[in-house]
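So the structure is just underneath, and the comments pick up after that.
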Amino acid sequence: MSENSPTGDKTPPLPTSANAIIMAPIMVPYELRNAEAVHDQMLRDSKNYSDNLRKGAEQFLTNYLLEEQLKAIKLETEAAEEKAKLQEDIILEQKRIQDAEARVLNAQRELRESERKRREAEVKAREAEVKAREAENAVKRMPAVPPRVATPPPATSTTTSANTTQTPVAKSPAEAATSQPAQPPHNPFAQVKPPTTQSSVESAATPPASAPNPSAPAASSTPAPPQSALQHVPIPSQPSAGTANQPATSFSDMVDGPETQKYISVHLQLKMLRKQVKPKGKANTSPLKDVAMKQGADIRVALGQLSIGNKNANVFNKLRDIMKDSLTYQVNIGQGAQVPMIDPSPYVLRVPAPVTDGTAKNNGDQLPVLFIYLLSIFSKALIAQAAQEAALKSESAEPIAMAAHQIFSHPDLLWRGMSMIDILIAKLRKSCGALFGFRGAETKDTGRITLGWKKEDGMWVSESIHYDRMRGIGAFYAGLTLRRYKNRVNPYPPPHYWRAMAAILTCPQQERSNTSYYVLGALIKGYEGKFQEFYGDFARLALEAALIHYPMGAREKNVAVMTLLTLGDKAKTDGFIPQA
């Protein structure tokens, strides 16, 4: 019996393990099941079991959390490694791309360098060929040394008369008219079929304004080709032994004459005016500069709205309003609101006398500076618009030419009754020298400058861009000159068209360029009918010279030459050229 037993019965001690109590409750005698000691032992065992279970759970939870943390750390490590690997791959790929781009750039640089060397070699070869031809032509042009003859006896009155007969003195037009019988009119481009001699060609007369022509308009409205430009000019033909290598001196007076020099001066004056009105730099601001920039932009926008047809009245009105407003624009120049005025004489070829009519506008000796500046901007925009749009469609030049006439022939925009169109012509001469008799080698910088070859970012534009510009400007020139009005005077009449065509057709074979072929084609394409309206049969013969004989005399039949020949075939079909 145990010590705590109420009966005093001594029994074996109870197991100390709670598991033993739970797993082996049968070991407690039945009669002792409610003994306090048993209950205490069971409570202690239960408490120990619970504590052990809690500790086990806590340990399990701790281990689980540690495992989860390890897994998270492992995942983060793997992700970091993967990211590092991806970054390394990206760096390697970028390096590979950079290496490839560097190789491409090197290849392009080498290609450009080889292309540059090839072009330089071609240019040198062409220059060498040109020099060789020039030397060969110079040798051919050298006259044979005549044999020395004995000194003649002193001249008598008879020999003097004979000598004067052999070397006729140039007669004035009046004397020539009275001393020679009346002859039927001759076309200056006639006698072009080979073989042609220089003497027979130079004897071709300029068509008179009063020449009878059933297909031409009345004599009072038919303009005569300019006498100074076409008098004693050799007519182009297929090259022969006597004419192919003659030097180009026929139009030296046209290129070096006072009129051309004045156009050059006008262009320089316009550049100086632009620097004064619109100086470079944001710091150089003024009310005049601001309004000049705004109205210049409005002019360009208006010209961009021109369309083929007769739906441009709003555009013309807007352009006229801009120009009229510039005549009255006022700016505060420190002495109150005033209209800045300048002398317009540097911007025209001829200074007109004041108009005696008291109602005449702009009759003073000064004009607003903004008006002249906007005329310059307007002229530049006209040429740019024509160069861009009229290259492939000659009819696109018509609305541009009409816009020019709407401004330069409007009575309110004249100076002393005279048009300021010299501003436009000065810019045309700079943009397309072939229209004014200028010639140059397309392979040389000086020749390109003379012909009007444009630069972009300091580099010459490509041949295709240049030829497109020349075609557009040539078509615009034709639309500008071949025009007649009922109530106004054309400020740049048809004789200028005749002179431009003659300037190209009289160019010797060795000095011709593709530019001249393209400009000539643009002058003619689409304007055959108008040309014939003004000059009748003279125009038909001139077209034959320009579209048949002139391209047939080319040194090579390239695209520019074949374009003229194709245009000639079409002109024959349309009846603008006499059938052979």
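Remark: pairs (first residue in the range 419-434, without any contact (Cβ under 8 Å) to a residue 40 or more places away in the chain; second residue β-branched (V, I, T) and assigned to a helix (DSSP H, G or I); Cβ separation under 6 Å; 6+ apart in sequence or on different chains) = G433/T450.
Are any residues in the range 475-518 hydroxyl-bearing (S, T, Y) and either touching a residue at least 24 places away in the same chain (Cβ under 8 Å) or assigned by TED's automatic domain parsing to the domain that holds M402 (or both), and if so, which ones?
We begin by selecting, within the range 475-518, every residue hydroxyl-bearing (S, T, Y); these are 477, 481, 485, 492, 497, 506, 513, 515-518.
Hits for the range 475-518 are Y477, Y485, Y492, Y497, T506, S513, T515, S516, Y517, Y518.
When you scan the range 283-298, do you find a residue that is over 22 Å from the mean Cα position of the chain (by Cα), free of Cβ contacts under 8 Å to residues at least 60 places away in the same chain and farther than 17 Å from L370 by Cβ, even just one? Yes, the range 283-298 contains at least one residue that is over 22 Å from the mean Cα position of the chain (by Cα), free of Cβ contacts under 8 Å to residues at least 60 places away in the same chain and farther than 17 Å from L370 by Cβ.
Of all residues assigned to the range 256-273, at least one qualifies as being under 21 Å from S431 (Cβ atoms), free of Cβ contacts under 8 Å to residues at least 12 places away in the same chain and small (G, A, S). S240: closer than 30 Å to R320 by Cα, surrounded by 12 or more Cβ atoms within 10 Å (Cβ to Cβ) and modelled with pLDDT under 90, yes or no? No.
Can you pull out the residues in the range 409-426 that are in a helix (DSSP H, G or I) and touching a helix residue (DSSP H, G or I) at 6+ places or on another chain (Cβ under 7 Å)?
Let us first name the residues in the range 409-426 that are in a helix (DSSP H, G or I), namely 411-413, 422-426.
The answer is D412, L413, D422, I423, L424, I425, A426.
Determine whether N310 is part of a helix (DSSP H, G or I), over 26 Å from the mean Cα position of the chain (by Cα) and under 22 Å from I407 (Cα atoms). Steps first, please.
On the way: part of a helix (DSSP H, G or I): no; over 26 Å from the mean Cα position of the chain (by Cα): yes; under 22 Å from I407 (Cα atoms): yes.
No: the conditions fail for N310.
Condition first: of a type in the set (A, V, I, L, M, F, W, C), over 15 Å from Y263 (Cα atoms) and buried (at least 17 other Cβ atoms within 10 Å of the Cβ). Now tell me which residues in the range 412-450 satisfy that. Give the steps one after another, and end with the answer.
Going residue by residue through the range 412-450, those that are of a type in the set (A, V, I, L, M, F, W, C) are 413-415, 418, 420-421, 423-426, 428, 432, 434-436, 438, 441, 449.
Applying the additional criterion that residues be over 15 Å from Y263 (Cα atoms) yields 413-415, 418, 441, 449.
Those that are of a type in the set (A, V, I, L, M, F, W, C), over 15 Å from Y263 (Cα atoms) and buried (at least 17 other Cβ atoms within 10 Å of the Cβ): L413, L414, W415, M418, A441.
Scanning for something in a loop (DSSP other than H, G, I, E, B) and over 18 Å from S419 (Cα atoms), does the range 343-357 turn up at least one residue?
So in the range 343-357, the residues in a loop (DSSP other than H, G, I, E, B) come out as 343-344, 348-357.
Then drop every residue that is not over 18 Å from S419 (Cα atoms), which leaves none.
So far as the range 343-357 goes, no, none of its residues is in a loop (DSSP other than H, G, I, E, B) and over 18 Å from S419 (Cα atoms).
Restricting L288, L374 to residues that are over 22 Å from D422 (Cα atoms), aliphatic (A, V, I, L, M) and part of a helix (DSSP H, G or I) narrows the list to L288. Screening the range 499-580 for helices (runs of 4 or more DSSP H) wholly inside it with 3 or more residues that are under 27 Å from the mean Cα position of the chain (by Cα) and buried (at least 20 other Cβ atoms within 10 Å of the Cβ) returns the ranges 514-524, 559-574.
Condition check ((1) closer than 16 Å to A387 by Cβ; (2) of a type in the set (K, R)) across all residues:
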position	(1), (2)
A434	yes, no
K444	no, yes
W453	yes, no
S462	yes, no
M470	yes, no
T481	no, no
K486	no, yes
P508	no, no
S513	no, no
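For the range 324-344, the condition of being within 23 Å of S396 (Cα to Cα), touching a His at 6+ places or on another chain (Cβ under 9 Å) and in contact (Cβ under 8 Å) with a residue 60 or more places away in the chain holds for none of the residues. Within the range 243-264, the set of residues being farther than 19 Å from M501 by Cβ, loosely packed, with under 15 Cβ neighbours inside 10 Å and at pLDDT 50 or above comprises D256, P258, Q261, I264.
In the range 338-362, which residue that is of a type in the set (S, T, N, Q) and more than 11 Å from L414 (Cβ to Cβ) is surrounded by the fewest Cβ atoms within 10 Å (Cβ to Cβ)?
Here is the first cut: in the range 338-362, the ones of a type in the set (S, T, N, Q) are 338, 345, 356, 359, 362.
Imposing the further condition that a residue be more than 11 Å from L414 (Cβ to Cβ) reduces the set to 338, 345, 356, 359.
On the way: Q338: 11, S345: 15, T356: 8, T359: 6.
Only one residue tops the list, namely T359.
The values are calculated or read from the model by the stated rules, or taken from the named source; none is laboratory data. For clarity, every value in this text was computed on a predicted model and none was experimentally measured. FYI the Cβ positions are ideal-geometry reconstructions off the backbone, even for glycines, and counts take in every protein chain you see.
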